[in-house]
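Encoded as structure tokens, the structure appears first; notes follow it.
The numbers here are math on the coordinates, done by the rules we state, and not lab data. This is a predicted model, so every value here is computed, not measured. Cβ placement follows ideal geometry from the backbone for every residue including glycine, while neighbour counts extend to all protein chains displayed.
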Ligand code: SAM
Ligand code: SF4
């Protein structure tokens, strides 16, 4: 995974001021054409935000199309967690520059949503004057108003306030996954990890009331969803703002009890807020999935302190012991950053030894990417790109070997898989276990999509299992 150097937006897009090139278009001039296209970058929370934005647009009479070429309104819901993700958006915007004869047809209404919108703000209008809307995630509640202004003829509208205690709830959400419904229970983040841009781009933590969450879960169950995934940057820091004051583990149990719900997942958990009550809840309820995503970021207490993660290596390993002590075999996945400023070989060795000690079932690893508005961006002792890249390879190799071993230990066991896809080969299906492992299996039965099937594991690789339907 190669890292790129931070290049400001200014150098990626031609420097034309809004005055010189009033290329932005308002919806007012678009007659009856209310087609829209949306592309989403980044995390599951962004994916789900887009599902809600689509709901808002459909409610206003817009129609979704699958190509930007067929749309009058083109939205990019953006990610800026690492520099590379932010770059992708700028290259998409460049395609609409009216000065490029080879670019896409101009005259479209272009909107930038999400983290890059918040990070760059109205500067986007300066550098890409053909953009008409810039809106950060903390302002999504204002989207109907912003759309109404575009429809009324304005060609520059922005929603960039983060000072809010409101969550984004919609009358309609267009869900893309046929079997799993995502549901954000906390927006924003109140932690202050020194490398992370999320608190800046998504604003302070806002919790959704438990009644409202449970009402939506019941509605989802009524229309046939059996799996719910609760989302939040630190989902387990949930504090119910209503007078029911449910704790996170109480909320998990309440969601799991909704009639028709067979699986409940949650993501992402912060180690500091992971208590025994959450593990007890998973043990107590068959519907609570046996998987916890628990990002550690580094195995060195020194680096964790510089990252402001609020726990030490030993405290993190204590959480691992807590989870491994459960009656259920709970799988644990993680996120790791290599090459944080000042990370020495010794620090990196401690991350490798933490992999051995924790025995993660999977995870994501990243090279550190300096982000604007974060304390780490101005820290001394940057790690050279080549060292970051080498460390990432070493880390991936070590973790791969652990996953092969852990997955192989499951051969012979029977798991329930929710069938999510059919392979092109006949009688081959792909499903997911409660522990969130991909399980490819054979069955002689037709029409298994969306079904729960018991599967005996017959083989294992680093990232998936293979098996056959169990007829016992
Ligand atoms: N809220 C979650 C948490 O506390 O771990 C995840 C937030 S972020 C969307 C997902 C992952 O991106 C993080 O866990 C971290 O490993 C990685 N990440 C965040 N900022 C980064 C940066 N500046 N450079 C590299 N990776 C980063
Ligand atoms: Fe970023 Fe840390 Fe908040 Fe996660 S907990 S979103 S890494 S600041």
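What angle do you read, to the nearest 10 degrees and between 0 and 90, between the alpha-carbon axis of helix 210-222 and the longest principal axis of the chain?
Once rounded, the angle reads 80 degrees.
With r defined as the distance between the Cβ atoms of residue 398 and residue 70 and R0 fixed at 51 Å, what FRET efficiency is calculated, to the nearest 0.05? Intermediate results must be reported in sequence, preceding the final value.
Values: r = 47 Å, r/R0 = 0.91.
Efficiency at R0 = 51 Å is approximately 0.65.
What FRET efficiency, computed as 1/(1 + (r/R0)^6) with R0 = 51 Å and r the Cβ-Cβ distance, is obtained for residue 389 and residue 152, rounded to the nearest 0.05?
With R0 = 51 Å, the Cβ-Cβ based efficiency is 0.50.
If the chain between residue 324 and residue 254 were fully stretched, how many nm would it gain, using 0.36 nm times the residue separation less the Cα-Cα distance?
Once the chain is fully extended between residue 324 and residue 254, it gains 22.8 nm.
Using just the helices of the chain, give the 222 nm mean residue ellipticity in deg cm²/dmol: DSSP H runs with n ≥ 4 each add -39,500 (n - 2.57), and the total is spread over all residues, rounded to 500.
The helix-only estimate for the chain comes to -9000 deg cm²/dmol at 222 nm.
What distance in nm lies between label points placed 7 Å from Cα along the C-beta direction at residue 364 and residue 244?
3.0
Tally the DSSP beta bridges in the chain and give the antiparallel ones as a percent, rounded to 5. Write out the running numbers ahead of the final one.
Working: 22 of 68 bridges.
Of those bridges, close to 30 percent are antiparallel.
How many percent of DSSP beta bridges within region 173-310 run antiparallel, rounded to 5?
Here the share of antiparallel DSSP bridges comes out near 15 percent.
Could you calculate the contour length gain from residue 63 to residue 381, that is, 0.36 nm times the residue separation minus the distance between their Cα atoms, to one decimal place in nm? Kindly include the intermediate steps, with their values, before the conclusion.
Numbers: separation 318, 0.36 × 318 = 114.48 nm, distance 5.08 nm.
Result: 109.4 nm gained on full extension.
Could I have the simple spin-label model distance between residue 352 and residue 122, label points 7 Å from Cα toward Cβ, reported in nm to one decimal?
Using points 7 Å along Cα→Cβ, the separation is 5.2 nm.
Compare the peptides 137-148, 384-395 by average per-residue count of other Cβ atoms within 10 angstrom and give them in order, highest first.
Output ranking for 137-148, 384-395: 137-148, 384-395.
If each residue of separation counts as 0.36 nm, what is the full-extension length gain between residue 165 and residue 422 once their alpha-carbon separation is subtracted?
88.2 nm
How do the peptides 111-124, 346-359 rank, highest first, by the average count of neighbouring beta carbon atoms within 10 Å per residue?
111-124, 346-359
If I model a spin label at residue 172 and residue 211 as a point 7 Å from the Cα along the Cα→Cβ vector, what separation in nanometres do I get?
Going from the residue 172 label point to the residue 211 one covers 2.6 nm.
Quick one: helix 44-59 against the long Cα principal axis of the chain, what's the angle to the nearest 10°, folded into 0 to 90?
Computed tilt is about 50 degrees.
Treating the angle as unsigned and between 0 and 90°, give the value, to the nearest 10°, between the Cα long axis of helix 313-324 and the longest Cα principal axis of the chain.
In the chain, helix 313-324 runs at an angle near 60 degrees to the longest axis.
Rank-order 243-250, 230-237, 171-178 by packing density, defined as the average count of other C-beta atoms within 10 Å over each peptide's residues, highest first.
Put in order of decreasing packing, that is 230-237, 243-250, 171-178.
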